[in-house]
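To keep things clear, I will list the structure first and then write my remarks on it.
The numbers here are math on the coordinates, done by the rules we state, and not lab data. Predicted model, so just to flag it, every value in this text is computed and none were measured. Using ideal geometry, Cβ is built from the backbone for each residue, glycine included, and neighbour counts are taken over all protein chains shown.
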Amino acid sequence: MARITPVGATADTPAPACVDAGGRICRAQELIESGRGVRFMLNTEHGPQSAFVICYAGGIYGYLNKCAHRSIELDWIPGEFFDIDGQFLICATHGARYHPATGACVSGPCAGQALVQLKLDLVDDEVRVACAVRPAMS
Ligand code: FES
């Protein structure tokens, strides 16, 4: 399987480029089921924000990379969002766990809240941000 390289990055320089609505993030086949995600910066009405996409249970999901607890980035190593079992997204700072398909917090200090989910499009195997963010469903 191809190595995942964030938009605008090389294998040695993981700083992502900024993506606008409609912009390409990565190829779908580069995403590993319950594995490493792809980080990128998303231009929003509030300015550039860290975001990521992951693959879970055959689906591709995207979120702002911002814990519902304290707005801190989730990943414990850049691109590593899943817990050890690959069942939940986990915040490295205080351990909140989120359902990968909905972004709903299932345990931790922000239980009952949710990640901000991105609307994505798949275009010829390319994962694209369809439009502005929308609230995650709980
Ligand atoms: S900052 Fe994520 S659980 Fe507290």
Calculate one ³J(HN,Hα) per residue across segment 83-89 by plugging θ = phi - 60° into the Karplus curve 6.51 cos²θ - 1.76 cosθ + 1.60, and present them in order as whole Hz with x for glycine and proline. 6, 5, 8, x, 9, 9, 7
Which distance in Å, rounded to a whole number, links the C-alpha centroids of segment 43-83 and segment 95-125? 8
Likely footprinting exposure, Ser71, Ser50, fewest C-beta neighbours within 10 Å first: Ser71, Ser50
